[in-house]
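Below is one structure, written out as structure tokens; comments come after it.
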Amino acid sequence: MKRMNAKTRQIAGWKVVFHRYNTVIVGAGAAGMNCAVHLYEFMKRKGVEDAADRIGIVTRGLGLGASRMSGSDKQTYYKLGTSPNVPDCAKSFADTLMAAGCCHGDLALAEGIGSLREFYHLVEAGVAFPTDSIGSFFGYKTDHDPAERATSAGPRTSRFMSECLQKKVEQAGIRVFDRQEAAHLLTIGEGRSKRIVGIVTLEDLRSEISDSTLHAFLAANVVLAAGGPGELYKTSVYPRGQFGIHGLAFRAGLAAENLTESQFGLASIRFRWNVSGTYMQAIPRVFSADADGGHEREFLADVFPSMRTMATDIFLKGYQWPFDPQRIENLQSSLIDILVYNERQKGRRVFLDFRQNPIGAHGMSAFNIDDLESEAFEYLREAGALQKTPVERLAHMNPLAVELYRENGIDLANEPLEIDICAQHNNGGFAVNKWWESSMHHTFIIGEMAGTHGVKRPGGSALNAGQVGGLRAAEYIVNAYGVDVGDYPDNRKEIDQQLRDLIARLSRWRRSSGPAPQDVIEQIQNRMTASAAHIREENDANESLKHAIRLVAEIQDKGLAVPDVPSLIVAIQAEHLALASVAYLKAIVDLLTQNGGSRGSYLVLSPRGVPIHPDIKSKATGEPLAFRLENPDLRNRILRIEHDKGSPDLFKCSEVAPRAVPSGRRAFESAWQEYRKGRIYGIQ
Ligand SMILES: Cc1cc2nc3c(=O)[nH]c(=O)nc-3n(C[C@H](O)[C@H](O)[C@H](O)COP(=O)(O)OP(=O)(O)OC[C@H]3O[C@@H](n4cnc5c(N)ncnc54)[C@H](O)[C@@H]3O)c2cc1C
């Protein structure tokens, strides 16, 4: 097959450019790029000469997304252990992923089994994961990690991954369609035979957005790798512009799982970056100030009884980074997140100051590095990081971490760093089977868009999951579904009707008196940060759900005001983000009404719960805040959610049991037969 020429047709007065592929991938982050490379490799292995012409990648921005733009002090890649003397195995890896519940065993095991294959795939692609002189890929322990499984290629591991994989994509000759805003997922059929057959995009040419041209990418298989919906939250460390396509996927009929489970933690907000790892292990002073930066206060010292405990907890926040409600009681490290939240609720700003060691109050003794608890002291001593100031300790342990802020206009040696508790990652996402195929045949979901993680995940396992998912999806597509290009001549009427509906909607918005798209996005973000982030409360979440549903209805009735062409893209984003926010809130409300308690990375407030601290009070009632403990029964029930136009809440929830870890060994000969006959893909 020669590279398919795009065909253009006029539909409802708009130009629609039709492209046809075997597989179209939406998203060019680490997950999407890797899947493209594997599709190419599997096709080549099958003898397909024009493999590159059968694969297309579509993205709203090659330089955008979490993989390209996010990171931390040393961004972690969590893989099966490679230490020469610490044994590890896939089952133990899976057990770690499943430890906090709500995680499918087949996915966890597949992530363990595929881990090293994908890690070495990245090494071969050029990602500089460090080795020692004998060639072993040494690692370090992260939280929830028994086997030194974590490694890093520096603060921007996921960016290197994406760039190295992109080079392979370019070498293969796979086409990347950049600046394509996803506007609709094309479907055919109804009920159980409904399928996604492509994606429609509006091209963003910045200076002249073409408002009367759409692109329709038709494909036999669709891989959705558009990342998490980071723009759902106001207080967020996701890179700006990371909208994702959750609303579009729901509208097309895909089911999601575990949407209630996201990660939140301390991050800098002027330049969005996680302050995990060495940023906290350097033990900076933590203080708050008023809106203008004046009236500084050592607010942690109001609650911590001693400098020793306070400074040790600041250190521990490094590798106990995500907010964890099970680490609040008895002065554990997540108490710091709660105190930051408490201070922010009073309208105060919070900073890390790397120029000074923590400062006490109320007669607390002065900071003394020798007086830290042994876990912290021994770590710093072994790292040779006993220098006088936090910035010196940080520069010693991780000079790249200091450099990174300098490159982004912040000199940690000269100014404090403003922080907040930010949304960082979606553990939940769209439901997939062990081949990362979604609830609809021929549609695969990978990377952060896939809901493969449970209530907690070890730091770095998102990147591993994204790579393994891409491998599994590509293997299944090529070997089970084949390499033919998607065309759908018999479904032309159905497809054209969806394009006409989309065009009618976009055209109507140009004359609409509905809300402005940017206002809609801000409204969603404020609501999600207030009611669906790391602090949740049943009545409040219910109220927010009602407002979110009303917003979707308003957009449907009145449309969105699009005064100029650039606003059209913002309007598309606002529309699907509004639907996504209903899904998240509905899932949260549903779980709370099942007596869901504090778990993962969120705290559930309840007047009858466990008090946090007498000084941490509700802004509304003035009473000390109390929280509901985890309901452990819910660890064995995964909350699934699907769009349901007929339901008053627009979504319906159900419950699925986590699938077990597959067990049992086969004799080599019979397993080999299964493989050779393609039966491992369920094909007879
Ligand atoms: C600050 C921070 C630190 C992190 N640190 C770690 C870590 O140490 N270890 C770890 O494992 N994970 C970490 N994560 C999570 C991890 O980086 C992400 O989960 C992962 O990079 C997601 O990769 P992805 O390919 O699925 O999506 P992304 O990299 O987000 O890519 C999404 C792609 O989809 C495109 N896209 C999005 N929306 C649209 C749309 N509407 N239309 C068209 N295209 C669209 C984007 O342009 C992009 O190409 C961190 C995340 C953050 C924010």
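Tabulated data
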| quantity | calculated |
| --- | --- |
| Residue in the range 40-56 that is within 14 Å of the ligand (Cβ to nearest atom) and farther than 30 Å from Gly139 by Cα present | yes |
| Flag for Arg60 being among the charged types (D, E, K, R), assigned to a loop (DSSP other than H, G, I, E, B) and surrounded by 22 or more Cβ atoms within 10 Å (Cβ to Cβ) | yes |
| Residue in the range 145-164 that is more than 16 Å from the ligand (Cβ to nearest atom) and not charged (D, E, K, R) present | yes |
| Matching option when the condition is more than 13 Å from the ligand (Cβ to nearest atom) and not polar (S, T, N, Q), among Ala431, Ala462 | Ala431 |
| When residues of the range 628-667 are limited to those that are over 24 Å from the mean Cα position of the chain (by Cα) and of a type in the set (Ser, Thr, Tyr), the one surrounded by the fewest Cβ atoms within 10 Å (Cβ to Cβ) | Ser663 |
| Search result, residues across the range 165-196 that are in a helix (DSSP H, G or I), among the aliphatic types (A, V, I, L, M) and more than 11 Å from the ligand (Cβ to nearest atom) | Val169, Ala172 |
| Cross-chain or 6+ apart pairs with Cβ under 7 Å, the range 58-84 first and under 17 Å from Ile245 (Cα atoms) and touching a residue at least 12 places away in the same chain (Cβ under 8 Å), then open to solvent by 40 Å² or more (accessible area, probe 1.4 Å) and assigned to a loop (DSSP other than H, G, I, E, B) | Thr59/Asp178; Arg60/Arg179; Gly61/Asp178; Gly61/Arg179; Leu62/Asp178 |
| Strands (runs of 3 or more DSSP E) lying entirely in the range 207-290 (those with 3 or more residues that are open to solvent by 10 Å² or more (accessible area, probe 1.4 Å)) | 213-224 |
| Candidate set from the range 441-499 (those that are open to solvent by 10 Å² or more (accessible area, probe 1.4 Å) and among the aromatic types (Phe, Trp, Tyr)); member that is nearest to Ser262 (Cα to Cα) | Tyr476 |
| Qualifying residue in the range 304-317 (condition: in contact (Cβ under 8 Å) with a residue 60 or more places away in the chain, under 27 Å from the mean Cα position of the chain (by Cα) and open to solvent by 10 Å² or more (accessible area, probe 1.4 Å)) | yes |
| Of all residues in the range 553-594 being open to solvent by 20 Å² or more (accessible area, probe 1.4 Å) and among the β-branched types (Val, Ile, Thr), the one that is farthest from the ligand (Cβ to nearest atom) | Thr593 |
| Boolean, Gly101 is touching a residue at least 40 places away in the same chain (Cβ under 8 Å), assigned to a loop (DSSP other than H, G, I, E, B) and more than 16 Å from the ligand (Cβ to nearest atom) | yes |
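The values are calculated or read from the model by the stated rules, or taken from the named source; none is laboratory data. What you see is a predicted model, and the numbers here were worked out from it, not measured in a lab. Cβ sites come from the backbone with ideal geometry, for glycine too, and all protein chains shown count toward neighbours. Please note that ligands, DNA and RNA were not included when accessible areas were found on the heavy atoms of the full protein model with its side chains. Shrake-Rupley method; radii C 1.70, N 1.55, O 1.52, S 1.80 Å.
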